[in-house]
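Take a look at the structure set out below.
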Amino acid sequence: MITTGFGYVSFLICFLAAAFWFTNKYPWKIFDVIPAIIIVYIGSAVLASFKFYATNDSVGAAQTLITRQFLPMAIILLLMICNFKSIMQLGPKLLGAFFLSSIAVTVAVIVGYALFKGVLPDFAPESLAILSATWIGGNQNLLAVSALLDDQDAPLN
């Protein structure tokens with residue numbers, strides 16, 4: 001188990017490097033659908049679920065540093081390699097997909113809450129609002145909704 005912030009950051013860097021190295025070294029068709037960044041995202045979530053790293057102050061401080069300082073920079077770097085001309089050519093199809101997925105996320109959160117509100121904690125509506133805002137609009141929506149709800153525990157607040 002990783003118990004220090006330094007160990008946590010070191011592991012993430014090595015995990016990122018390994019995922020990108022592996023997907024570049026072995027250009028299998030699956031990596032056209034599931035790129036390295038998705039492997040890192042899912043892998044990190046799975047490892048967190050299995051308590052691969054501790055939830056203490058040191059690791060929490062490292063996570064806060066990453067989400068507040070490095071995540072926005074990484075998003076900008078990823079946008080720098082986007083082919084905006086191709087994206088703009090999608091036009092109405094892209095906008096339609098965005099609005100339909102936004103509606104689907106909103107409906108899913110409302111239905112999920114209605115089905116499970118008897119077993120969910122009192123703070124579930126606020127947490128679900130923040131979660132759905134993140135799924136719909138990313139970190140900027142997360143910041144906006146968490147500020148609106150005055151959620152001091154939101155990771156990017």
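Give me the extension gain from Leu95 to Leu120: residue separation times 0.36 nm, minus the current Cα-Cα distance, reported in nm with one decimal.
Result for the pair: 5.6 nm of gain on full extension.
Using a 1.4 Å probe, how large is the accessible area of Thr106, given in Å² and rounded to the nearest 10?
My reading of the accessible area for Thr106 is about 60 Å².
Tell me the mean residue ellipticity at 222 nm calculated for the chain from its helices only (DSSP H runs of n ≥ 4, each -39500 (n - 2.57), averaged over every residue, nearest 500).
-24000 deg cm²/dmol
What is the set of long-range amide H partners of Tyr53 at a cut-off below 5 Å, with H atoms built 1.01 Å from backbone N?
Ile2
How large is the dipole of the chain about the Cα centre if only Lys and Arg carry +1 and Asp and Glu carry -1, each at its Cβ, rounded to the nearest 20 debye?
660 debye
Across the chain, how many lysine pairs, 8 or more apart or on two chains, come within less than 30 Å at their alpha-carbon atoms?
Lysine pairs satisfying the spacing and distance rule in the chain number 6.
From the P(r) of segment 67-157, can you give the percent of Cα pairs sitting at distances over 18 Å?
58 percent
For Phe20 and Phe70 in the same chain, what is the full-extension length gain: residue separation times 0.36 nm, less their Cα-Cα distance, in nm?
16.2 nm
List, in order, the whole-Hz ³J(HN,Hα) value for each residue of segment 116-124 obtained from phi through the Karplus relation with A = 6.51, B = -1.76, C = 1.60 and θ = phi - 60°; use x for Gly and Pro.
10, 5, x, 10, 8, x, 4, 8, 4
Where Rh denotes the Kirkwood radius from the mean inverse Cα pair distance, what is Rg over Rh for the chain?
Computed over Cα atoms, the ratio is 0.99.
Quickly rank 63-74, 86-97, 8-19 as a protection proxy: mean count of other C-beta atoms within 10 Å, highest first.
8-19, 63-74, 86-97
Using a cut-off of under 17 Å, list every residue of segment 43-68 whose amide N is near the label point 7 Å from the Cα of Trp28 along the Cα-to-beta-carbon line.
43
Quantify, in whole percent, the carbon and sulfur part of the accessible surface of the chain (1.4 Å probe; protein heavy atoms only).
73 percent
If you count only protein heavy atoms with a 1.4 Å probe, what accessible area per residue comes out for the chain, rounded to a whole Å²?
Per-residue value: 73 Å².
The values are calculated or read from the model by the stated rules, or taken from the named source; none is laboratory data. Everything numeric in this text was worked out from a predicted model, so none of it was measured. Glycine also receives a Cβ, built like all others from the backbone with ideal geometry; neighbour counts cover every protein chain displayed. Accessible surface is based on the protein model in full, side chains and every heavy atom, while ligands, DNA and RNA are left aside. Shrake-Rupley method; radii C 1.70, N 1.55, O 1.52, S 1.80 Å.
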